[in-house]
1. Of the numbered conditions (1) at pLDDT 95 or above; (2) in contact with a strand residue (DSSP E or B) (Cβ under 6 Å, 6 or more places away or on another chain); (3) more than 21 Å from PHE482 (Cα to Cα); (4) open to solvent by 20 Å² or more (accessible area, probe 1.4 Å), HIS383 satisfies every one except a single condition; which is it?
2. Across region 402-412, which residue is nearest to LEU318 (Cα to Cα) among those that are surrounded by fewer than 22 Cβ atoms within 10 Å (Cβ to Cβ) and not acidic (Asp, Glu)?
3. Out of region 254-263, which residues are surrounded by fewer than 21 Cβ atoms within 10 Å (Cβ to Cβ) and at pLDDT 95 or above?
4. The conditions are (1) touching a Leu at 6+ places or on another chain (Cβ under 7 Å); (2) within 25 Å of PHE510 (Cα to Cα); (3) surrounded by fewer than 17 Cβ atoms within 10 Å (Cβ to Cβ), and GLU291 fails exactly one of them. Which is it?
5. Are any residues in region 292-329 in a strand (DSSP E or B), over 24 Å from VAL263 (Cα atoms) and not β-branched (Val, Ile, Thr), and if so, which ones?
6. Which of (1) surrounded by fewer than 19 Cβ atoms within 10 Å (Cβ to Cβ); (2) under 21 Å from GLU333 (Cα atoms); (3) touching a Leu at 6+ places or on another chain (Cβ under 8 Å) does LYS474 not meet, given it meets every other one?
Amino acid sequence: MGLNGRCNGRWAVFGRESELNPSSRAREAGVSSRQWKRGEEMASASERTHSKLEEALEVKSLRRIISAYLNYPDAAEADVRRYERSFKKLPPEHKALLCHLPLKFQRLRRCISINSYFIFNMLQAFEPPLDMSQDIDICDERDLRNYHDLKKETNFKNTSISCGHPASPSERINYAETAEDCDRGKEEKDQDLPQKVNNEEVHMENCLNSCSESGSVNSESNEKVSKSGDGIQIANGNANSSSHDWLDPSLQLNVPLVDVDKVRCIIRNIVRDWASEGRRERDQCYKPILEELVRLFPQRSKASPPSCLVPGAGLGRLALEISRLGFICQGNEFSYYMMICSSYILNQTQAAGEWTIYPWIHSNCNSLSDNDQLRPVTFPDIHPASAGITEGFSMCGGDFVEVYNDASQEGSWDAVVTCFFLDTAHNIVEYIEIISRILKDGGVWINLGPLLYHFADAYGEDEMSIEISLEDVKKIAFHYGFSLELEETIETTYTVNPRSMMQNHYFAAFWTMRKGKAT
């Protein structure tokens, strides 16, 4: 498809309202042109002030996300130091029984370095949608909290990335921040920044050689990744790049540990979507959806392929697989953490198995063995740009409600696929209403997932979370014109460590509903 080994993308803004002509506004309001001009000037001044503050808050929010990624090595190192402190408190006879632990701690540090290496490469490739060097002193923490309350940590810009043609760096992916915590119920603890990553040059070859000595990585993987890392340095928390001054530690913010937990969540999601080890979960969740799409759309014309929307697309694998079936598919994702990573995997990976990470190192609980906990995972299991995607495959960044609750989206889609998405809503009724509105008459809605409402534990007075039963969800769907064609219960997991002694399973609802024709 002329991708030159990459799945490059062009971004376009969705959902912008067109401005009315000022003179027509004046006529409608019954005021003179002079009165209108004066009022417009005052309004413009107010809008400029609001826009300046909003942009500064957006920059501050994006810096917080980048800070969370950059703080990953320090936060992980703090955990290892905690393990070491506990070990030192043991009496000598107990230390003798666990004499292998100091070596394990060193292996953990090497694994953290390898994870950090991927993160810094990912951030180096990221093109921020905003001027990250601008002054943000005009906004304080209260402004930032109010901004998050207003936006629910949603999108900076409603934008989309299309795969299938070259793009300049300025046209690459711009994404949005998340309101969803991957792990809930954890206390937010302030973490000091800027970063204090080792001031020595970090080469992947050295890291992998060290891990290879402990039996973690083979020589083939070592050779492959070290080649991709020639000349890369990580010092003072910043990958060397004169064009990425926004990664400078002096621009970073203090972030709570819950933000770093989101980074760890991303690492686990990479396994789910893009590693061979995640195939079982993908077969549990994605395979029934893909088989249902094939059944419902047996004739998929290359000249006029059916269209499918995937809200909550995460790291993009399900949307890509739907595109491979011959659909014009668009993934929509709300989380900037997710989208920075998915953009890198879709746009920048050069070959299958290019990267190695250690996703299970951040928990010492329920491990069968140290080797299980410290085992490597390579990704991606396929090269996205060579996967046979359909022309028009795209990823759209932004809040589902804000992007698709627009007149231009009405009756636009042949199918909507929601996988582990419905329970991310503040108002699930609104989600279902919008899904009905954007589907064509006779269009299908395929859903798979639980009802683990993500905002159920938000106790703020202004927080909203509508938590209803599956029975009520179906009643609402019927109200908005859906009829049930297929319903099953599917047992599945979500970002689970397959070798852990603890396995959380969902009995997820799986259905196909069809939107009736308008009467």
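1. Condition (2) is where HIS383 drops out.
2. SER412
3. Within region 254-263, the first condition is being surrounded by fewer than 21 Cβ atoms within 10 Å (Cβ to Cβ), and the residues that meet it are 254, 256-258, 261.
Across region 254-263, the qualifying residue is only ASP261.
4. Checking GLU291 against (1) touching a Leu at 6+ places or on another chain (Cβ under 7 Å); (2) within 25 Å of PHE510 (Cα to Cα); (3) surrounded by fewer than 17 Cβ atoms within 10 Å (Cβ to Cβ), the one that fails is (1).
5. Scanning region 292-329 gives SER307, CYS308, LEU309, CYS329.
6. (2)
Let's see how each residue does on (1) aliphatic (A, V, I, L, M); (2) touching an Asp or Glu at 6+ places or on another chain (Cβ under 6 Å); (3) at pLDDT below 95; (4) open to solvent by less than 10 Å² (accessible area, probe 1.4 Å):
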position: ASN332; (1), (2), (3), (4): no, no, no, yes
position: ILE345; (1), (2), (3), (4): yes, no, no, yes
position: TRP360; (1), (2), (3), (4): no, no, no, no
position: ASN371; (1), (2), (3), (4): no, no, no, no
position: PHE400; (1), (2), (3), (4): no, no, no, yes
position: VAL416; (1), (2), (3), (4): yes, no, no, yes
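The values are calculated or read from the model by the stated rules, or taken from the named source; none is laboratory data. Quick caveat: nothing in here was measured; it's all calculated off a predicted structure. Cβ: placed from backbone, ideal geometry, glycine included. Neighbour counts: every protein chain shown. Accessible surface areas use protein heavy atoms only, side chains included; no ligands, DNA or RNA. Shrake-Rupley method; radii C 1.70, N 1.55, O 1.52, S 1.80 Å.
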